[in-house]
Amino acid sequence: MSSSKIIKLGFVGFGTVGQSTFIALQRNLCQIKKQIGCELEVVSVAVNDLEKKRDVNLGGVTLTNDPFEVVLDPNVDIVVELIGGTEIARELVSVAIANGKHVVTANKALIAIFGDEILLSAQNEKTLIRFEAAVAGSIPIVKALSESVRGNRIKAVVGIINGTCNFVLSEMATKHVSFASILGEAQRLGYAEADPSFDVMGTDAGHKLAILSAIAFGTKFQFDKIHVEGIQDILLEDIAYAKELGYQVKHLAIAVKTPGGLELRVHPALIPLDHILASVDGVVNGILVDGDLSGPLMLSGAGAGGDATASAVISDIIDVASAIYTGGIKARALRPEKLLDYPITSFTESVSGYYVRVEAKDKPGVLAEISRVLASFNVSIEAIQQKEARDVASAKVPIVILTGRMTERAIREVCEILASSDSIIGGVICYKVEDFQWAN
Ligand code: HSE
């Protein structure tokens, strides 16, 4: 081993995360080189627009607008893929691997959808692929699940794993401002995806859950089987009513091993105010891992933003560069040839309590009618409250109900019955109340 070796990086994609990573690498280069044991240098960067003005001093780095130049460059040892999306990125990563390059990526969609194929081809070509930055920004959850809890049988992984959603919900709860006005702020701060509907509609958290569940349970990457809902329809009044009842509304990603298969779901839910995840606010992400040996572990930290994500990208770069330098390729828990086709349970069979809100005609008998409907499903009522009418002239009053545990299939039937009642005006709002009780 000679410290005169230089490990060379090629970046594809140079947006928020790419530029933050580049700047942080320059800033901390001395320390990083000591950690690896040899020199490290960025030799080429592929950008979208060569003319665009950037606040980054690229020094002698070759700039190109053809990302294939980077992945085919014989000088490049590690391709840092920060281009996002699945089409071009999939091809770039495949070409990089086929050309013997190691890959560090922050691309959750790519791994969540094509993880099986990509990990297998990297294994076949004896190259390394690392994707810590794909999940939860700065939190080292991929490493924790892959390495630190390897001897455990994991029971559940539950998290707040979209910084944009958590930022929006936290601001709605504390500043009482609408969803739309806060989303613009999340975009300005660099938290949201290029297409923010990926964040608010839950897709981004779904991608991340597909990755976490594959690592935690040794299953294939199964994004397409995850039930995904977003936060785009959440109203200020439901956040306020939930709080009055002792709950916080959070956007959760849940992977639980049950006797019938894996439960994989992403959706807003009410969680008790004293639960550890309830105090995870703003752009912070929080992930609970429940192992049979470790018990519950909680990891939290900045879940989005340039520097937070750069922290994870650079940690992967150091891992891969160290492996190249020492010639040792560390085995991970995730062995692509051994991933299981574990069954995924249907969302409609998932069981929880529910928060239900209806707008009812202000007349006697409505509460009794709602109670009768729930009783016909053998479900108890934990709380029922008639709230003050928001618009006195409208002659309708909000009624908020917390139900006992029941299946999603049953609550959907309850909601249909209530929506068709003459006493109820308009639709029925319904969210799960998560009590974190797993049947495993
Ligand atoms: N848009 C993502 C989020 C960025 O808000 O969490 C980090 O993956």
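The values are calculated or read from the model by the stated rules, or taken from the named source; none is laboratory data. Everything numeric in this text was worked out from a predicted model, so none of it was measured. In this analysis, Cβ positions are derived from the backbone assuming ideal geometry, glycine residues included, and neighbour counts consider all displayed protein chains. Surface accessibility is based on the protein's heavy atoms, side chains included, excluding ligands, DNA and RNA. Shrake-Rupley method; radii C 1.70, N 1.55, O 1.52, S 1.80 Å.
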Arrange the peptides 116-126, 26-36 so that the one whose residues have, on average, the most other Cβ atoms within 10 Å appears first. 116-126, 26-36
If you add up the charges near THR164, with Lys and Arg at +1 and Asp and Glu at -1, over every other residue whose beta carbon is less than 14 angstrom from its beta carbon, what do you get? -3
Rounded to the nearest 10 Å², the accessible area of PHE217 using a 1.4 Å probe with every protein chain kept is 20
Alpha carbons only, please: Rg and Dmax for the stretch 248-369, in angstrom. 21.3, 77
Could you work out the per residue convex hull volume over the alpha carbons of the chain, in cubic angstrom? 146
Using a Cα-Cα cut-off of under 18 Å, which aspartates and glutamates could be cross-linked to LYS33, ignoring same-chain neighbours fewer than 8 residues away? GLU41, ASP77, ASP316, ASP319
Which residue fluctuates most in the GNM of the chain (Cα springs below 10 Å): THR164, THR348, THR203? THR348
Sorted peptide list for 54-61, 411-418, 349-356, criterion being average Cβ within 10 angstrom, highest first: 349-356, 411-418, 54-61
Given a 1.4 Å probe and every protein chain left where it sits, what share in percent of the accessible area of the chain is carbon and sulfur? 51
Nearby aspartates and glutamates by direct alpha-carbon distance to LYS243 (threshold 12 angstrom, same-chain neighbours under 8 apart not counted): ASP274
If a/c stays under 1.5 just call it rounded; otherwise compare a/b with b/c (prolate if a/b is bigger, oblate if not). Do that for the stretch 111-190, with a ≥ b ≥ c from the square roots of the Cα gyration tensor eigenvalues. prolate
Using a ≥ b ≥ c from the Cα gyration tensor of the stretch 46-182 (square roots of the eigenvalues), is it rounded, prolate or oblate, where a/c under 1.5 gives rounded and otherwise the larger of a/b and b/c decides, a/b for prolate? oblate
Express the accessible area of the stretch 142-302 per residue in Å², computed with a 1.4 Å probe while the remaining protein chains stay in the model. 36
Tell me whether the stretch 158-278 comes out rounded, prolate or oblate; compute the Cα gyration tensor, take square roots of the eigenvalues as a ≥ b ≥ c, and use a/c under 1.5 as the rounded threshold. oblate
How large is ³J(HN,Hα) for each residue in the stretch 175-182, as worked out from phi by the Karplus curve 6.51 cos²θ - 1.76 cosθ + 1.60 (θ = phi - 60°), to whole Hz, x for Gly and Pro? 9, 6, 10, 6, 3, 5, 5, 7
Please report the relative contact order for the stretch 168-243, taking Cα pairs under 8 Å with a sequence separation of at least 6, and give it as a percent rounded to a whole number. 33
Given a cut-off of 18 Å, what percent of all Cα-Cα pairs of the stretch 348-435 lie beyond it? 37
Please compare each pair in LYS5/LYS126; LYS5/LYS108; LYS220/LYS250; LYS8/LYS126; LYS101/LYS208 to a cut-off of 22 Å on the Cα-Cα distance and tell me which ones are over it. LYS5/LYS108; LYS220/LYS250; LYS101/LYS208
Cα-based count: Lys pairs in the stretch 348-435 below 16 Å, eight or more positions apart or different chains? 5
Would you work out the relative contact order for the chain, in percent, from Cα pairs under 8 angstrom that are 6 or more residues apart? 17
